[in-house]
Structures are given as C-alpha cells and as structure tokens.
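The next block holds one structure in the form of structure tokens; read it before the comments.
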Amino acid sequence: MLGIRKATAVVLPVLAGSLLLAACASSKSVTATPTPTGTNWLMMATGSVAPSPSASFSARAPLAAATLSPTKSTSPTPRPSSSDCGTSGFRGGQINGADVTAGSTSAVVKWFNPGVPELVSYHILAMSQKLVNGAQPEVPGWVTVTPTGCGWMTGTVTGLTPGTPYVFSVDGQWLREGVDGTYTRTVARSGVVSTT
C-alpha cells in the first residue's frame, strides 16, 4: 500500500503539469500589432561637421621669487658638523629626518652622511607648501653638495620666499655596483618649516 501512495505522489504532479501545458498550447494567443500615428520619434538633421575646439595660450606672468639653477653650487661649502661618526638616530636604507634652521630667504639643512665611497653627491631641494590657485610658482633649483667623510653635514639653500612654508629633501646620488651609472634616492626629509 505504501508503494502505491509514493507512485501516486510522483505521477499526479507530472500528469497535472502535462495537462496544463497542453491546455496552454491549444489556446489562441492574442498578439498586438502596432498602429503608428503621428511623426517619427527619431529625427536627423543634416548639416556640416562641428569645428574642433581651439585652445588659446598666453604667456605666464613673471615670478618675483628668485630661483636657483640645477648646477653645482660654489656656496655653500659642505662641512661635517663633527668628526664623530656616531650613527645615533640614523637608519640606513630609510628616509631620515633633516634638521632645518630657516632664515628670511635661506635655510641651513643638516643631515647625516654615512661616509660610504659609493655616495657621489647630495642634492638639497626646497619644496614650497604654499597652496596657490592657478599657475604654480617655480620650485627653486637644488643645491649640490659633495660628501666629505662620515658625520653630520650642513648645506645652505638660498632664493627662498619670506614667510613661506617649505619641506626640504636631501637626495643622495649613489654609484651602481658592477654597472655604469648612478641612481638617486631620498636619504633625509624635513617636516614643514616656514621662512621668517
């Protein structure tokens, strides 16, 4: 008896589904046919090709700030701050802090030189942090300093604008091992320092 109930439970839904499908297939379906009235909804106008936009350029206003050229500087003369080659606070392979003493139009930057022979030179760059709308002011050029042994070094950046915040970056230029050429990486950077 139990087997007949199972068979009925399976067969009845299959039969009911088949009958419903057959009934739907035999009925006529009504399809709508469009009857267009009015004007076409897609209108195309003929004409000529639109001209390309033109750009106009004007000369920039001269800047009042002095700039430095990216050439070797005869001033400042790099000098180790002490003969001690202590590395307290220096982290090799990382960007270290640079100490900056700012004046009105110049700043003295101090950083640690590890004194390795692969180090060719340093470039000190002053980057203005003053936000301006429109054309940006020229960045003063960099000051090139030749390393003179292990220890703390200083270099002076000139041509700065009074009352302007700057970040100072010291980039070392290194010889590549086993190949020709050099590469540059930042070895020290200051926080934001304002000129007086």
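Is it the case that Val132 is loosely packed, with under 12 Cβ neighbours inside 10 Å and at pLDDT 85 or above? Taking the combined requirement at face value, the residue satisfies it.
The set of residues in the range 91-142 being polar (S, T, N, Q) and over 13 Å from Tyr166 (Cα atoms) consists of Gln94, Asn96, Asn113, Ser121, Asn133, Gln136. Taking the range 101-154 and the strands (runs of 3 or more DSSP E) fully enclosed by it, the elements with 1 or more residues that are under 21 Å from Gly181 (Cβ atoms) and without any contact (Cβ under 8 Å) to a residue 60 or more places away in the chain are at 119-128.
The values are calculated or read from the model by the stated rules, or taken from the named source; none is laboratory data. Note that the structure is predicted; figures quoted are calculated from it, not measured. Here the Cβ is made from the backbone with ideal geometry for all residues, glycine too, and neighbour counts use every protein chain on show.
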